[in-house]
1. Of all residues in segment A:197-231, which are of a type in the set (Phe, Trp, Tyr) and within 17 Å of A:Ala100 (Cβ to Cβ)?
2. So for segment B:100-108 (the condition being touching a Cys at 6+ places or on another chain (Cβ under 6 Å) and under 26 Å from A:Gly226 (Cβ atoms)), does at least one residue qualify?
3. For the condition modelled with pLDDT under 90 and within 24 Å of B:Ile14 (Cα to Cα), what is the one hit in A:Pro213, A:Pro230?
4. Among the residues of segment B:39-59, is any farther than 21 Å from A:Leu219 by Cα and either without any contact (Cβ under 8 Å) to a residue 24 or more places away in the chain or surrounded by fewer than 16 Cβ atoms within 10 Å (Cβ to Cβ) (or both)?
5. Residues to consider are A:Pro235, A:Pro263, A:Pro208, A:Pro254; find the one that is surrounded by fewer than 23 Cβ atoms within 10 Å (Cβ to Cβ), more than 24 Å from A:Trp138 (Cβ to Cβ) and away from chain B (no Cβ under 14 Å).
6. Please verify whether A:Gly154 is of a type outside the set (S, T, N, Q) and either within 13 Å of another protein chain (Cβ to nearest Cβ) or surrounded by 22 or more Cβ atoms within 10 Å (Cβ to Cβ) (or both), treating the condition exactly as stated.
7. Can you tell me which residue among A:Leu180, A:Leu192, A:Leu257, A:Leu242 is in a helix (DSSP H, G or I), closer than 22 Å to B:Pro13 by Cα and modelled with pLDDT of 90 or more?
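The values are calculated or read from the model by the stated rules, or taken from the named source; none is laboratory data. In this text the structure is predicted, and so the values were computed from the model without any measurement. Here the Cβ positions follow ideal geometry from the backbone for every residue, glycine too, while neighbour counts run over all protein chains shown.
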Amino acid sequence: MHKKDRYKKEEKTDPGGRNPAAYTDYKSPKKAYLAIFRIQFLESIQYRAAGLTGAATSIFWVLIQIVVYTVFFTYADNVSLPGVSNGMSLSQTVSYVWLAEFLLLMQPSNFNPDILRKIESGDVGIELCRPMDLHSLWAAQNAARAVSPLLWRGVPILLAGFLPPPAWRLGPPASPLAFLLFLVGCVGAWILCFSFSTFLCVVRLNVPWGNGPCYMIFLLAMVLGGTYLPLQLWPDFLQPFLLLQPFAGYTDLPLRLYLGTMPLSDAWLLLSLPIFWSAVFLFWGRRLMHRRLKTIVVQGG
Amino acid sequence: MIPQVFLVVITDPIGSICMFARFGSIGEWSMERILLIYSMAITAFGLAETFCRGFDSFPYKMVQNGEFDRVLLRPRSTVVQVMGSVFHIHRAARVLSGCIAIAWCLWQLQIPMTPLKILFLLYSLCGGMLLYMGVFIWTSGISFFSIKGLEWIYIFTNGGYQVTRCPMPYMPRLLKNIFTFLIPILAVSYYPASVLCGWGEPLWKGLLSLPAGIGFLSTSLLMWRFGVRHYRSTGS
């Protein structure tokens, strides 16, 4: 809203666009993208009640998962066999479930509705009139959308994680250094999340019937990210693939650092993988978009 | 869209399947047992969803933009109108995959199927369908009072059948009571499955599925009526 008003005002003072001084704000693109980020963020965090009820849902969900894991780790037939849990203990798994629910909030499960509406209605044409790069604009919007649930929905989940009795509690990190690296990993997860959702927006721009398949990819990404089950508990033969595939950085890699299930000497790998994949998604998406925009057909009148 | 629903159905229990593959059965609770209970719940959910799809988008499509005013003007039941406002045939994918899963589990558990048992299965699926219809109706009825932040209702819809992932003897009493007496999801999944396969629950508990479904649906309809009376148009 804020940005639009400003755009109008400038139109009034400089109708022909001949005076470059009127565009000083847009001469610094960084500022414009930060403004976009701020608008989207403020818009999404204003629904405090929605965030809190969402947190209640997540907490309920976590508790059910903890029950199921506890049953497996306590009563299953093979539980005494060596290596059955691939190096994860029950308390680590419980901590994993709490933190995974928190990180899940950043992950895209659908398109940013604003962007999807623009793609479907042809308003992308209007977006193209803005003196901004469309890809960066979408990335900024998606980046804001990814972090905005963390405040009203994410913080209550973490607080709830410290309250229950020890068997259900979110445990402390493996070491202070592990915690620092985990925080870096979370930033990596955030970058990965918004670069992937931006990438899919670009894909959606290219395929007019693309909603269904894209939702499948969103879902698949969340499964491969380790939200449903810690990747270490997947079958052993899949482990190398699961570690290197793009979506491990969503949840699993940062949490391996927090829980200490992977030696800290491997931290460079765990931290650089999401950055590598984010770069792939951003560059590929940008190329796809520029190719597409050369021949774009705007739908709607 | 149909492959999309299939993917949802397959990915939902994948966590359980991987855990069973790694940890083995829990006593006599094998993967097939858990899958059977789960797929009974999900088939019932799918059946209800096929017919009650309109309630899913009701808060966004009808209450938020005042479309519901038009529904109120027509001389027909509001429930039926909302129910029929959206119909997606692809939702039947969940029913289909649920049925396949039920058949596979029964075959793996080597339960001989007699006509009577098939009838019993259909009976309990019917109960489950009515129950989930009730869930859909009251969860969307809440939007008469609040149109934002309806996500917690997933505890009772999608989250509800997740509860069936936990083997019954190990389920905390509180959880068991909530999902037997408050929202009788276990009454339409676990108890019928237990009677069907002879896991030790008495027959009358299995037969409670249909009354439980009807009871829940009627309560929801009452709540819906209460909500309609409190409806205030948001449209212009």
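1. A:Phe218, A:Tyr228
2. Looking for residues that are touching a Cys at 6+ places or on another chain (Cβ under 6 Å) and under 26 Å from A:Gly226 (Cβ atoms), one finds none in segment B:100-108, hence no.
3. Within the list A:Pro213, A:Pro230, the selection yields A:Pro213.
4. Scanning segment B:39-59 turns up no residue that is farther than 21 Å from A:Leu219 by Cα and either without any contact (Cβ under 8 Å) to a residue 24 or more places away in the chain or surrounded by fewer than 16 Cβ atoms within 10 Å (Cβ to Cβ) (or both).
5. A:Pro263
6. The answer is yes for A:Gly154.
7. A:Leu242
Each row is one residue, and each column tells you yes or no for (1) in contact with a Gly (Cβ under 7 Å, 6 or more places away or on another chain); (2) free of Cβ contacts under 8 Å to residues at least 24 places away in the same chain.
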residue: A:Phe179; (1), (2): no, no
residue: A:Asn206; (1), (2): no, no
residue: A:Ile217; (1), (2): no, yes
residue: A:Gly226; (1), (2): no, no
residue: A:Leu229; (1), (2): yes, yes
residue: A:Leu255; (1), (2): no, no
residue: A:Thr261; (1), (2): yes, no
residue: A:Leu264; (1), (2): no, no
